[in-house]
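Enquirer: Structure below; questions to follow.
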Amino acid sequence: MGTATETLPFQAETRQLLDIVIHSLYSNKEIFLRELVSNASDALDKLRLSALEQHALLDEDPLLEIELTPDSRARTLTVSDSGIGMTREELVQLIGTIAKSGTRELVEQLKAGSSGEAAATLIGQFGVGFYSAFMVAERVEVVTRKAGADTATRWESAGDGTYTVSEASRFRRGTDVILHLKPVDPESGLADYTSTQVLKALVKKHSDFVGYPIKLKEVKDGVPAWTTLNSMKPIWTQAASEVGDEAYAEFYRHLSHDWQDPLDRLSLRAEGRLEYQALLFLPSKAPFDLFYRDQEYGLQLHVRRVLIMDRCRALLPPFLRFVKGVVDSADLPLNLSREMIQQDRQIGQMRTWLTRKVLDHLAAMLADRRETYLKFWSEFGPVLKEGLAQESEHADRLLKLLLFHSTREAPEPTSLAEYVARMPEGQASLYYVAGESRAVAERSPHLEAFRARGYEVLFFVDPIDEFVAQSVHEFEGRPLVSVARAGVEPGSESERKAAEDARRARETELRPFLAFLEQTLGDTIREARVSSRLTTSPACLVAGEHDLSPGLERLLRQASGKDDEGVTKRILEVNDGHALVAKLRALHAASPEDPSLADAAHLLLGTALLAEGAAPPDPAAFAAKLATLLTRAL
């Protein structure tokens, strides 16, 4: 066997991460053991998955276990597994680099974290718990042999920016993680991790539910002996009264690599032609990569307690990708492949049932535990809204879960059902206004007539809300209508007809002035008309009945990479009762050739755009015209 040793540098972000882990995590140092045991359990899971197709991987050594070997004299703790193991290339890739999207953002958040708890949270979410070993160890060695391979590899580092890789010897497949421990220091949270009592307590606390035996090497009367520390009984098969909240929380942390407790959990059981059970969790915080296109998600799929797939996307739709948990079926074949999962009718039935159960659970939470639901909504509301744009099967359930802020003076958002219950007599539609933020939406001139009549208007301020508006046409038989569309007026049918007749009469009187605006602004507007919705603003822009909303049009242009093309012309509505419009109209009637009129028309259009949070077509020209007008006025 060759003995050459190669010294390699850590990836830049990995070096920063190691420095943060070693020097910033002042508390909860004991989590290192949970993370290493979790990694060992994952390695055993991967071996079992691989052995479904390559049976020879288990023929040589069918034993699947995790071993803890403390050595108080040498001050070492070795965590061993008989799992899948790693090749030299895998070892370098998985430990020497962080091959995961969002690495730079991760490091920036860790650097900005003000506490060890915040950093531990991010470490858990990103599954880089191996590095937590450096919180308790001065030096870490990894000796690993890939299942089916003849050679082993040694990895070693003191967390100082470099690591060494060399050939090694290991009798069987799997991995040894050898921690050369720091001195015991209770004040800084460093316990004696060679103590069998400490190790027993930590395994019972954090890893009792792991599905493989965790064995501790003890010396009793001078004779080495192995003691199994964990119960290994799958937690989802036990009654809730036998488990307890803390055990569920630990299982969730083991499953999700999240440091925080879950917000809520669901224990489900389906019986009948297809029998299966599930234990699902709702996280407290949204993961960093929730909106990444290549984010890995899905539930663990077990068949008769044998792990078949670690992340089975087919069990829940993408808009529930934040849900973590386990599904165990007694009716699926053990050799179920990824291709079969995508086509299997039973998987489709499970997906429908699980989706309904999760949505029904959220509905019950909204009704009975509103504070908890508000916490959930603040983290995952935009993801839930995606479901309305993705599929119609669960649209009715999803609609009842949506929350929006509105013109109602209340700090909490409202549901559509609550909005309908407050609708005044004669209101037939649900009204909303879209904007880039709540502050912009609240100041929209489109709200003026609705506020004057006491009509509540919902704020659609998430980018996904534009797609929700396109997908949702009604709620409980009442249409969902944007107040920024032409012809949308508050009031009953007869009131709207009377207002339209009065508007048309005034429009006839103002036709010469409106024609001037259309001629002057013809490149940017479709037409000019008198408004019956404005009470205090001089003008606003409204979309035609079948036009895309400006927000949705902007999103689609950005997605296509053609941000400056295809802008739909809108209708300019002017408030003929506003002093500015009255003076412009009088000036036009007296001196239709006055050159300042054209500048004033462009400024009128610009103010309408600014009022809805958009920029004028030519900001520089707008600023120049405004400066000229102010100079004349002063």
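Enquirer: Could you please let me know if ARG511 is within 25 Å of LEU597 (Cα to Cα), assigned by TED's automatic domain parsing to the domain that holds LEU605, free of Cβ contacts under 8 Å to residues at least 12 places away in the same chain and charged (D, E, K, R)?
Expert: For ARG511, the condition - within 25 Å of LEU597 (Cα to Cα), assigned by TED's automatic domain parsing to the domain that holds LEU605, free of Cβ contacts under 8 Å to residues at least 12 places away in the same chain and charged (D, E, K, R) - is met.
Enquirer: Also, I was wondering about something else. Within the stretch 156-177, track down each residue that is aliphatic (A, V, I, L, M), crowded, with 17+ Cβ neighbours inside 10 Å and under 36 Å from the mean Cα position of the chain (by Cα).
Expert: VAL177
Enquirer: Given (1) buried (at least 21 other Cβ atoms within 10 Å of the Cβ); (2) modelled with pLDDT of 80 or more, where does ILE98 come up short, assuming only one miss?
Expert: Just one mismatch for ILE98, condition (2).
Enquirer: Taking the stretch 23-37, which residues are part of a helix (DSSP H, G or I), modelled with pLDDT under 85 and crowded, with 21+ Cβ neighbours inside 10 Å?
Expert: Result: ILE31, ARG34, GLU35.
Enquirer: Here's another thing I want to ask about it. Give the number of residues within the stretch 207-226 that are surrounded by 15 or more Cβ atoms within 10 Å (Cβ to Cβ) and more than 31 Å from the chain's Cα centre (by Cα).
Expert: Adding up the residues that qualify gives 7.
Enquirer: Let me ask another. Residues PHE251, PHE209: which one is in contact (Cβ under 8 Å) with a residue 12 or more places away in the chain and part of a loop (DSSP other than H, G, I, E, B)?
Expert: PHE209
Enquirer: Looking at ARG88, is it crowded, with 18+ Cβ neighbours inside 10 Å, farther than 23 Å from TRP259 by Cβ and modelled with pLDDT of 85 or more?
Expert: yes
Enquirer: Consider the stretch 443-480. How many of its residues are under 23 Å from LEU548 (Cβ atoms), outside any strand (DSSP E or B) and not aliphatic (A, V, I, L, M)?
Expert: So the answer is 13.
Enquirer: State whether the residues of the stretch 477-491 include one that is exposed (fewer than 14 other Cβ atoms within 10 Å of the Cβ) and either over 15 Å from SER531 (Cβ atoms) or assigned by TED's automatic domain parsing to the domain that holds LEU609 (or both).
Expert: Yes, the conditions are met somewhere in the stretch 477-491.
Enquirer: Additional query: Return a yes/no flag: does the stretch 226-248 have any residue that is under 23 Å from PHE322 (Cα atoms), touching a Pro at 6+ places or on another chain (Cβ under 9 Å) and in the same structural domain as CYS312 (by TED's automatic domain parsing).
Expert: Yes; the residues of the stretch 226-248 include at least one that is under 23 Å from PHE322 (Cα atoms), touching a Pro at 6+ places or on another chain (Cβ under 9 Å) and in the same structural domain as CYS312 (by TED's automatic domain parsing).
Enquirer: Still on this model: Of all residues in the stretch 193-206, how many are assigned to a loop (DSSP other than H, G, I, E, B) and surrounded by fewer than 18 Cβ atoms within 10 Å (Cβ to Cβ)?
Expert: Number of matching residues: 1.
Enquirer: Name the residues in the stretch 608-631 that are buried (at least 18 other Cβ atoms within 10 Å of the Cβ) and in contact (Cβ under 8 Å) with a residue 24 or more places away in the chain, would you?
Expert: Correct list: ALA608, LEU609, ALA611, GLU612, LYS625.
Enquirer: Do you know which residues across the stretch 370-395 are basic (Lys, Arg) and either modelled with pLDDT under 95 or buried (at least 20 other Cβ atoms within 10 Å of the Cβ) (or both)?
Expert: Of everything in the stretch 370-395, just one residue is basic (Lys, Arg) and either modelled with pLDDT under 95 or buried (at least 20 other Cβ atoms within 10 Å of the Cβ) (or both), namely LYS385.
Enquirer: Please verify whether ALA499 is buried (at least 16 other Cβ atoms within 10 Å of the Cβ), within 34 Å of the chain's Cα centre (by Cα) and touching a residue at least 24 places away in the same chain (Cβ under 8 Å), treating the condition exactly as stated.
Expert: no
Enquirer: Could you tell me which of the residues SER188, SER195, SER241, SER267 is farther than 22 Å from LEU64 by Cα, of a type in the set (Gly, Ala, Ser) and modelled with pLDDT of 95 or more?
Expert: SER195
Enquirer: Do we find a residue being closer than 18 Å to PRO283 by Cβ, touching a Leu at 6+ places or on another chain (Cβ under 9 Å), aromatic (Phe, Trp, Tyr) and touching a residue at least 60 places away in the same chain (Cβ under 8 Å) anywhere in the stretch 235-246?
Expert: yes
Enquirer: Moving to a separate point now. May I ask you to verify whether LEU122 is at pLDDT below 50 and outside the structural domain of ASP289 (by TED's automatic domain parsing)?
Expert: Yes: the conditions hold for LEU122.
Enquirer: Looking only at the stretch 566-580, which residues are more than 9 Å from LEU541 (Cβ to Cβ) and buried (at least 22 other Cβ atoms within 10 Å of the Cβ)?
Expert: VAL574, ASN575
Enquirer: In the stretch 490-508, how many residues are within 29 Å of PRO595 (Cα to Cα) and outside any helix (DSSP H, G or I)?
Expert: Total satisfying the criteria: 0.
Enquirer: Out of all the residues in the stretch 548-557, is one or more exposed (fewer than 13 other Cβ atoms within 10 Å of the Cβ) and polar (S, T, N, Q)?
Expert: No; the residues of the stretch 548-557 include none that is exposed (fewer than 13 other Cβ atoms within 10 Å of the Cβ) and polar (S, T, N, Q).
Enquirer: Still on this structure, please answer the following. Of all the strands (runs of 3 or more DSSP E) wholly in the stretch 273-325, which have at least 2 residues that are in contact with a Phe, Trp or Tyr (Cβ under 9 Å, 6 or more places away or on another chain) and over 21 Å from GLU53 (Cβ atoms)?
Expert: 276-282
The values are calculated or read from the model by the stated rules, or taken from the named source; none is laboratory data. The structure presented is a predicted model; accordingly, all values stated were derived computationally and were not measured. No Cβ is skipped: glycine too gets one built from the backbone with ideal geometry, and neighbour counts run over all protein chains shown.
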